[in-house]
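A.B. asks: Structure below; questions to follow.
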Amino acid sequence: MRDWLILGVGTLLFGLLALSGDTYLLRLGTMLAMYAVLAMSWNFIGGMTGYPSFATAAFFGLGAYTSAILQAAQMPMAVGWAAAGLVAGGFALLIGLPILRLKGHYFAIASLSIGEILREVVNTSEEITGGGMGMNLPLLRLPPEVQAQAFYLCMLGLAVLTTAVAILVHHGRLGFAFRCIEQNEDAATVLGVDTRTFKTAAFGLSAVFSGVAGAIYGNWVHYIEPLDVFDIMHSVKPLVMVLLGGLGTLFGPIFGAIVFLALEEAVWRNFLGVHAAVLGVLIVAMVLFLPRGLATSFEQIARRFRGKAA
Amino acid sequence: MIYLQILANGLALGGLYACIAVGFSLVWGVLNVINLLHGSMIVLGSYIALFAYTTFGIHPFLTVPIAGGIVFALTYALQRGIINRVIAAPVLMTLTLTFGLDLIFNNAMLTAFKADYRKLILENPLGSWSFSGVTLPVDRIAAMALAMLLTLMLFRLLKDSRIGRAIVAVRMDRDAAALMGVDVMKINAITFGIGGFMAGAAGCLLSIIFPISPLNSTVYLGKSFVVCVLGGLGSVPGAIVGGLALGIIESFGAFFLGPEHAVTLAFSLLIVFLIVRPTGLLGKKGYE
Amino acid sequence: MSALLTLDGVSRSFGGLRAVDNVSLEIAPGEIVGLIGPNGAGKSTLINVVSGVHPATAGRVVFDGRDITRAKPHAIARGGVARTFQVVQPFPNMTVRENIAAGGAFAGRIASLKQAMQEAGELAAGVGLGDLVDQPANTLTLARRKRLELAKSLAMKPKLLFLDEVNAGLNPAEIDDALALIRRIAEQGVTIVLVEHLMKVVVGISERIVVLQNGALIADDTPEAVLNNQKVIEAYLGKKYAAALSAEGGGP
């Protein structure tokens, strides 16, 4: 109940931001919503289920291209977006069955390779995808501020939907099964958890929303190319956000996305030439000093203070 | 005849791939850490060779021990100072950490050397051998031979030296090795350093063949993944078999399917191998 | 009455080693059977075969009228076979309640998670962990973790329960508690196979004892008969000692 309340209040507050006509603010807001979607999506497989997936970029890119190809064939934007989610999710189920048998580093590498393969396939299928030249998406005939508001609201809507699903999963049977698998997969099997099905479900969930996010992103920026949408950073950033916010927690990924975006924006503005290195320093510091995430660490500090006060 | 030429090209390429991957494989096998810095360390080796050649006129082959030594020192220090702190942490943590370190290093190299591809052109190339229709550039063959020599030296080091035996012992059973008096922390750092040495050395050899740019680091890293999985993790013979296999597959793949499909082919093979035969072509683990 | 579990010529090999060798066995509903044998006799492997963790390489396993030889472990668990592990395997960062509820929610087919949690609380109290339901499992002592294993298995509402060395590592008072608990479970109609390498523990509680040696079944009889079985004595004490014992006219 409390979680739904948080979601409701959050939606309202972030929804109000759309009223502002400030395009910079709206751009940040759209990025934030997209990061939140990617982080929560990754959290299904990487956080709750404990499988170190590097496939987010694959789903994001697959969604972006699915939607772009359909729109190039004169399909409406909404159809493209819906198809993006379906194709990304279906692809995850298909590829998940074999690679989710792998564990640890092996799974990580296999999931990483999927993005590499998809990127190269897109790169070489020039007739359909334009190859390395990328694809242009139809321009909307709307004033720029209205477009900024519209895309912000769309991405926010997706984030709200993803959060709602995350809440359901977190409190439901599905999330419980994910956590059992994360804790001890063999023991879970013997307790009657159909680990293969649940792992595949987690992978599928992590793909659907990432795919739609990729599709919305494509229309938002009007142009996609393989190097951009299949960039490995789309796999790594969500993971860093979730680590920042707290692995496997419900709202941790959103919290992590906010902190990450703030840092990223500060770095972009002040250290453009070395932004990758600053991001690297951030990652290293986080792994070394905050391995359990900001939220968990705050909680521990708070508890220590309360303990002293008592 | 064309097939013989393709095979020869593939073998020459494969020898280099083995050398690229062997250090990566060793670190993965012994420390259970995937070192995402590996590609950047190879590129660093190439830049050291380029710098030594353009500034002092030292032939890249002669720079091998210097570049290897520099990268050894760097990676040893990184392991001791940073990576060692999370050595027992879950896969996700060590992967993320080495990814972060790679972002720093790669960005530093981009700032220092710029992204454009540079080429080390030898003033006195050794020409090429040609017999029964097969043409082999001598420099390339020499680089491949040196790469194989280095790889075999690593093999002997692991088999015959005290430190090598200690590394193998840690790979087989970390706790048992510690009980028998092996300083596991030290071995971890030395292994990481050896991985770095091999990366730096491989970078020198590659400098006379491939263009040099920080952007190449992910390509080399990708090759290392594939070689490891094809040949089997953590063993020198595995890296040799995996490297040669990848070299041959790539050059025949380029001929039959077109060079643009090389990456797709390699990574598809990787996934198939992971699923069907996770122990690699040699089908065994360890160094024996 | 038809058997609950039937093993028909079951073998399991690992490479060249036959860990379970042509074992045929029937277990009737409601029995308490002791499964004993020296270390390495194949007891745990036999459980792994039945629970689907290491499926049989030859032979047939029939449970409750269904052939489960090739079934997946989770399906077998849902079908009514529960087991504890020799080395306890809790979900370390979950609470005692959540650990137990997992058994109920998945194998026990409780549709509502809330109800599974509630029943888990009752089961925890039943095995003496009532005060600790909200503690993470990794804070429990070994004896308590063993009870947690038991509660998890019970939550699965099993027809057949394998208890793999639930008494190992416990002191005599704790063993007595554990045996009393096992009797109570049996009274609820659960068929129990109690695996031990200590003969002493099972003799008092089992109605029937099955003995494995080197993967093969060497005896299947009442406790008294098994204790006087020459093959069993040899298996436990070695041929020479057993011969000396019978020459003296003694016997265990």
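A.B. asks: Treating each Cα of the protein assembly as shown as an identical point scatterer and ignoring solvent, apply the Debye formula and state log10 I(q)/I(0) at q = 0.05, 0.08 Å⁻¹.
C.D. replies: With one equal scatterer per Cα and no solvent, log10 I(q)/I(0) is -0.34, -0.84.
A.B. asks: I've got another one for you. Among the listed pairs A:K103/B:K223; C:K72/C:K159; A:K103/B:K159; C:K72/C:K231; C:K43/C:K231, which are separated by more than 26 Å between their Cα atoms?
C.D. replies: Cα-Cα > 26 Å for A:K103/B:K159; C:K72/C:K231; rest within.
A.B. asks: If you line up the long axis of helix B:184-207 against the longest principal axis of chain B, both from Cα atoms, how many degrees apart are they, to the nearest 10?
C.D. replies: Taking Cα atoms only, the helix is inclined about 10 degrees.
A.B. asks: Now for a different question. Hey, what do the phi angles of segment B:156-169 turn into as Karplus ³J(HN,Hα) couplings, whole Hz, using 6.51/-1.76/1.60 and θ = phi - 60°, x for Gly and Pro?
C.D. replies: 5, 4, 5, 7, 9, 8, 4, 5, x, 5, 5, 4, 4, 4
A.B. asks: Ok, one more. Of the candidates C:S44, C:S11, C:S112, which one comes out as most mobile in a Gaussian network treatment of chain C with C-alpha springs shorter than 10 Å?
C.D. replies: Among C:S44, C:S11, C:S112, the largest mean-square fluctuation in the Gaussian network model of chain C belongs to C:S112.
A.B. asks: Under a point-charge model restricted to the Cβ atoms of Lys and Arg (+1) and Asp and Glu (-1), what is the dipole moment magnitude of segment A:27-168 relative to its Cα centre, in debye to the nearest 20?
C.D. replies: With only Lys, Arg, Asp and Glu charged at Cβ, the dipole is about 300 debye.
A.B. asks: Taking amide hydrogens as modeled 1.01 Å from N in the peptide plane, which residues meet the under 5 Å criterion relative to C:V20, leaving out close sequence neighbours?
C.D. replies: Sorted by chain and number, the residues that satisfy this are C:R12.
A.B. asks: Mind checking the angle between helix B:60-81 and chain B's longest principal axis? C-alpha axes, 0 to 90 degrees, to the nearest 10.
C.D. replies: Here the helix axis deviates by roughly 30 degrees.
A.B. asks: Show me the ranking of peptides C:27-38, B:225-236, A:142-153, B:91-102 by mean Cβ neighbours inside 10 Å, starting with the highest.
C.D. replies: Ranking, from highest mean packing down: B:225-236, B:91-102, C:27-38, A:142-153.
A.B. asks: Test of understanding: express the Cα radius of gyration of segment B:208-288 as a ratio to 2.2 N^0.38 Å, with N the residue count. All intermediate terms of the calculation are to be shown ahead of the outcome.
C.D. replies: Working: Rg = 13.1 Å, N = 81, 2.2 N^0.38 = 11.7 Å.
Here the Cα radius of gyration is 1.12 times the empirical estimate.
A.B. asks: Defining a contact as two alpha carbons under 8 Å apart and six or more residues distant in sequence, what relative contact order in percent does segment C:86-157 show?
C.D. replies: Relative contact order for segment C:86-157 comes out at 47 percent.
A.B. asks: Working from Cα positions, state the angle (0 to 90°, nearest 10) between the long axis of helix B:262-276 and the longest principal axis of chain B.
C.D. replies: The angle comes out near 40 degrees.
A.B. asks: A further question on this structure: Have a look at B:A89, B:A147, B:A73 and tell me which one the Gaussian network model of chain B (Cα, springs below 10 Å) gives the largest fluctuation.
C.D. replies: The residue that fluctuates most here is B:A89.
A.B. asks: Could I ask something else about it? Can you check what the net charge comes to around A:I258, using other residues whose Cβ is under 12 Å from the Cβ of A:I258 (Lys, Arg +1; Asp, Glu -1)?
C.D. replies: -2
A.B. asks: Measuring from label point to label point, each 7 Å out along Cα→Cβ, what is the C:D176 to A:L161 span in nm?
C.D. replies: 6.5 nm
A.B. asks: Give the whole-number value, in cubic angstrom per residue, of the convex hull volume spanned by the C-alpha atoms of chain B.
C.D. replies: Roughly 132 Å³ of hull volume per residue.
A.B. asks: Sort B:114-123, B:169-178 for me by packing, meaning the mean count of neighbouring Cβ atoms within 10 Å per residue, highest on top.
C.D. replies: Descending mean neighbour count gives B:169-178, B:114-123.
A.B. asks: Okay, next question. Which of the aspartates and glutamates could be linked to B:K119 by a straight reach, that is with a Cα gap under 15 Å, when you skip same-chain ones fewer than 8 residues away?
C.D. replies: B:D139
A.B. asks: At 222 nm, what helix-only mean residue ellipticity would the protein assembly as shown give, in deg cm²/dmol to the nearest 500, using -39500 (n - 2.57) for each DSSP H run of four or more? Provide the component values of the computation, followed by the final result.
C.D. replies: On the way: 36 runs with 541 residues, N = 850.
Rounded to the nearest 500, it is -21000 deg cm²/dmol.
A.B. asks: Just how large is the dipole of the protein assembly as shown about the Cα centre, in debye to the nearest 20, putting +1 at every Lys and Arg Cβ and -1 at every Asp and Glu Cβ?
C.D. replies: 800 debye
A.B. asks: OK, next. How big is the antiparallel share of DSSP beta bridges in the protein assembly as shown, given as a percent to the nearest 5? Walk me through the intermediate numbers first.
C.D. replies: On the way: 27 of 44 bridges.
Close to 60 percent.
A.B. asks: In terms of modelled amide H atoms, which long-range or inter-chain residues lie less than 5 Å from the amide H of C:V127?
C.D. replies: none
A.B. asks: Where does each of C:163-171, A:167-175 land if you order them by average Cβ count within 10 Å, highest first? The partial results should precede the final answer.
C.D. replies: Working: C:163-171: 19.4, A:167-175: 17.4.
In decreasing order of mean packing, C:163-171, A:167-175 become C:163-171, A:167-175.
A.B. asks: What list of ³J(HN,Hα) couplings, whole Hz, do you get for segment C:14-31 from phi and the Karplus terms 6.51, -1.76, 1.60, once you set θ to phi - 60° and write x for glycine and proline?
C.D. replies: Using θ = phi - 60°, the values come out as 10, x, x, 8, 8, 6, 10, 10, 6, 8, 10, 6, 10, 10, 8, x, x, 6 Hz.
A.B. asks: Which parts of segment C:75-102 would a label at C:E122 reach, counting a residue when its backbone N lies under 15 Å from a point 7 Å out along Cα-to-Cβ?
C.D. replies: Within reach of a label on C:E122: C:101.
A.B. asks: Run the numbers on chain B and let me know its relative contact order in percent, using alpha-carbon pairs under 8 Å that are six or more apart. Walk me through the numbers before you get to the answer.
C.D. replies: Details: 508 pairs, mean separation 110.4, N = 288.
For chain B, the relative contact order is 38 percent.
A.B. asks: So which helices of chain C fit the span-like rule, where a helix is a whole DSSP H run, its Cα atoms reach 18 Å or more along the axis, and its mean Kyte-Doolittle is at least -1.0?
C.D. replies: Numbers: long enough: C:113-126 (20 Å, -0.14); C:142-155 (20 Å, -0.36); C:172-187 (23 Å, 0.23).
Qualifying helices: C:113-126, C:142-155, C:172-187.
A.B. asks: Report, as an integer, the average count of C-beta atoms from other chains found within 10 Å of each Cβ along C:213-222. Walk me through the numbers before you get to the answer.
C.D. replies: Numbers: counts 0, 0, 0, 0, 0, 0, 0, 0, 0, 0.
Across the residues of C:213-222, the mean count of other-chain Cβ atoms within 10 Å is 0.
A.B. asks: Which whole number gives the average, over all residues in A:175-188, of C-beta atoms from other chains lying within 10 Å of the residue C-beta?
C.D. replies: Mean inter-chain Cβ contacts per residue within 10 Å come to 5.
A.B. asks: Still on this structure, I have one more. Over segment A:2-239, what is the relative contact order in whole percent, taking alpha-carbon pairs under 8 Å and six or more residues apart?
C.D. replies: That works out to 42 percent.
A.B. asks: Taking the Cα centre of each part, how many Å lie between segment C:147-165 and segment B:36-111?
C.D. replies: Going from one Cα centre to the other spans 53 Å.
A.B. asks: Once the cut-off is 18 Å, how many percent of the Cα-Cα pairs in segment C:86-157 end up in the long-distance tail?
C.D. replies: Result: 25 percent of Cα pairs exceed 18 Å.
A.B. asks: Using a Gaussian network for chain A with springs between C-alpha atoms less than 10 Å apart, which of these wobbles most: A:T56, A:T189, A:T30?
C.D. replies: Looking only at A:T56, A:T189, A:T30, the biggest GNM fluctuation is shown by A:T189.
A.B. asks: Same structure again: Over what distance in Å are the Cα centres of segment B:141-168 and segment A:211-251 separated?
C.D. replies: 42 Å
A.B. asks: Find the centroid of the Cα atoms in segment A:1-67 and in segment B:179-248, then give the distance between the two in whole Å.
C.D. replies: 38 Å
A.B. asks: Sticking with this one: From other protein chains only, count the Cβ atoms within 10 Å of every residue's Cβ in B:87-98, then give the mean.
C.D. replies: Working: counts 0, 0, 2, 5, 9, 14, 7, 3, 10, 10, 7, 3.
Whole-number average of other-chain Cβ neighbours for B:87-98 is 6.
A short reminder: the numbers here are calculations on the coordinates, not readings from a lab. On a predicted model such as this, the values are computed, not experimentally measured, just so you know. No Cβ is skipped: glycine too gets one built from the backbone with ideal geometry, and neighbour counts run over all protein chains shown.
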